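> This is the structure, below, for whatever I ask next.
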Amino acid sequence: MPTVTAYATPAAKAPFEKTTIERREVGPRDVRIEIKYAGICHSDIHTGRDEWGAAAYPLVPGHEIAGIVAEVGAEVTTHAVGDRVGVGCLVNSCRQCEHCRRGLEQYCLGRSVGTYNDVDVDGTQTAGGYSKEIVVDEHFVLRIPAGLELDVAAPLLCAGITMFSPLNHWSCGPGKKVAIVGLGGLGHVGVKIAAAMGAEVSVLSQSLSKQDDGLAFGATSYYATSDPETLKSLRGTFDLIINTVSAPLPMTKFLALLALDGTLVNVGAPPEPQEISVGVLMGNRRSWAGSGIGGIPETQQMLDFCAEHGIGATIETISGEQIDEAWDRVVGSDVRYRFVIDTATF
Ligand code: NAP
Ligand code: ZN
């Protein structure tokens, strides 16, 4: 099997090491991708530090992958050598169940296969984008449209679709008041997409330190949630709130910000359980929901939408040797707004 250079963490909270991993031979429906850039998602950190449990080491994270097709299998019809492509959080699913047939592979009734820390249908351990190459079934390879640079496109493969899907599902658009909680990797892309969909967008951040950026991304209002008076003054305001925060929040206070029939969607995935006082749902007939990434057709739709609206992530490019430092900065909410690893530095 071909070996490729990668960065792996050997154990929970251990520093990254430059290493080599094996990739499978290109099968008839496989695409071999030369990875150019890989975004750092907070989910990489939850997994790598074993905060969600079930991490298998050595772990090569990375599910925001952008690169160039280097080789295709004999039966591949949708991609060709030289194409600009991306891979997100999924590399397989059953393809036959009702959800897969509807393009909701992330909710596969059989088993969807994660891009890393999972076992593929052939029994091999999956390894992610902190590496030079990946081999993926063509169905899970996305086209990156012309006009979107690969570095700013990479984070769209997870952050972009994770925000686009609930915004789409809960009818973000003109006349809707939408709030994004947390201006990190997911949040900043969410502000850009929600504004491009035509909604009136507010940011709810811990402080006002990133206000200028939030307004430049397309928000019209920006609030500091550390101020209890601000939260009180916003009660009953928003039709849709997307919570991207990676740590538990006082959810009852945030649910109270919803207007009649409003929905708060959790995409942030803290490991700890979160409590609410259910009375807050009864007032204004509110809903508290969750959403997981997005299926393959919707991910392509998101990439096309972003290209059409000139939306890429706002990034800081780093080398392979800077991954540990970048992870610490993400955990410290010191990211503006997505770290992207340049694999040319490997
Ligand atoms: P991120 O870049 O770290 O952004 C999270 C933001 O939340 C921070 O920038 C910060 O924004 C805010 N925040 C952090 N700690 C906080 C605290 N203690 N109290 C209040 N606010 C806090 O992370 P990300 O990559 O966007 O991912 C966010 C979460 O989504 C993670 O839990 C990740 O695992 C999850 N995720 C879920 C899906 C899904 O399919 N549902 C997909 C991808 C990621 P401010 O400084 O503006 O407050
Ligand atoms: Zn992610």
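The values are calculated or read from the model by the stated rules, or taken from the named source; none is laboratory data. Note that this is a predicted model, so its numbers are computed, not measured. Cβ placement follows ideal geometry from the backbone for every residue including glycine, while neighbour counts extend to all protein chains displayed. These accessible areas exclude ligands, DNA and RNA; they are computed on the full protein's heavy atoms, side chains included. Shrake-Rupley method; radii C 1.70, N 1.55, O 1.52, S 1.80 Å.
> Sequence gap at least 6, Cα distance under 8 Å: using those rules, report the relative contact order of region 160-290 to the nearest whole percent.
21
> For ILE144, which sequence-distant residues (separation of 5 or more, or a different chain) have an amide H within less than 5 Å of its own amide H, given hydrogens modelled in the peptide plane?
Distant-sequence amide H within range of ILE144: ARG84, VAL85, GLY86.
> Given the DSSP H assignment, sum -39500 (n - 2.57) over each helix run of at least 4 residues in the chain and divide by its residue total; what's the result at 222 nm in deg cm²/dmol, nearest 500?
-6000 deg cm²/dmol
> Over the alpha-carbon set of region 185-337, divide Rg by the Kirkwood Rh and report the Rg/Rh ratio to two decimals.
0.97
> Still on this model: Dividing the alpha-carbon Rg of the chain by 2.2 N^0.38 Å yields what?
For the chain, the normalised Cα radius of gyration comes out at 0.97.
> Considering only DSSP beta bridges whose two residues both sit in region 160-290, what percent are antiparallel, to the nearest 5?
Given both bridge residues lie in region 160-290, the antiparallel proportion sits at roughly 0 percent.
> Then there is this: Please say if region 148-257 is rounded, prolate or oblate, where rounded means a/c under 1.5 for a ≥ b ≥ c the square roots of the C-alpha gyration tensor eigenvalues, and otherwise the choice is prolate for a/b larger than b/c and oblate otherwise?
Cα axes put region 148-257 in the prolate bin.
> OK, next. Which order do SER171, SER205 take when ranked by solvent-accessible area (1.4 Å probe, heavy atoms of all protein chains), largest first?
Solvent-accessible surface, decreasing: SER171, SER205.
> How far, in nm, would the chain grow between THR77 and THR19 when pulled straight, counting 0.36 nm per residue and subtracting the alpha carbon separation?
Gain on stretching THR77 to THR19: 17.6 nm.
> Here's another thing I want to ask about it. Where only protein heavy atoms count, and the probe is 1.4 Å, what is the accessible area per residue for region 160-290 in Å²?
Dividing the accessible area of region 160-290 by its residue count gives 41 Å².
> Expressed as a whole percentage, what fraction of the accessible surface of the chain belongs to carbon and sulfur atoms when a 1.4 Å probe is rolled over the protein heavy atoms?
In the chain, the share of accessible area belonging to carbon and sulfur is 49 percent.
> Next up: If the label point is 7 Å along Cα→Cβ of ALA344, which residues in region 319-337 have backbone nitrogen under 15 Å from it?
Counting backbone N atoms under 15 Å from the label point, the list is 319-320.
> What is the calculated FRET efficiency for ARG285 to TYR57, with r their C-beta to C-beta distance and R₀ = 51 Å, to the nearest 0.05?
So, using R0 = 51 Å, E works out to roughly 0.65.
> Explain nothing, just the number: dipole magnitude of region 198-346 about its Cα centre with +1 on each Lys and Arg Cβ and -1 on each Asp and Glu Cβ, in debye rounded to the nearest 20.
660
> When you count, for each residue, the other Cβ atoms within 10 Å and take the mean per peptide, how do 233-243, 211-221 rank with the highest first?
By packing density, highest mean first, the sequence is 233-243, 211-221.
> In terms of modelled amide H atoms, which long-range or inter-chain residues lie less than 5 Å from the amide H of PHE238?
Amide H to amide H, under 5 Å and 5 or more residues apart or across chains, PHE238 pairs with LEU258, ALA259.
> Along region 224-231, what does the Karplus equation 6.51 cos²θ - 1.76 cosθ + 1.60 (θ = phi - 60°) give for ³J(HN,Hα), rounded to whole Hz, x for Gly and Pro?
9, 6, 5, 9, x, 5, 5, 4
> Give me a comma-separated list of calculated 3J(HN,Hα) values for region 233-247, in order, Karplus coefficients 6.51, -1.76, 1.60 applied at θ = phi - 60°, integers in Hz, x for any Gly or Pro.
With coefficients 6.51, -1.76 and 1.60, one gets 5, 9, 4, x, 8, 9, 7, 9, 10, 10, 9, 9, 6, 7, 10 Hz.
> GLN125 versus ALA70, label points 7 Å from Cα toward the beta carbon: distance in nm?
Using points 7 Å along Cα→Cβ, the separation is 2.1 nm.
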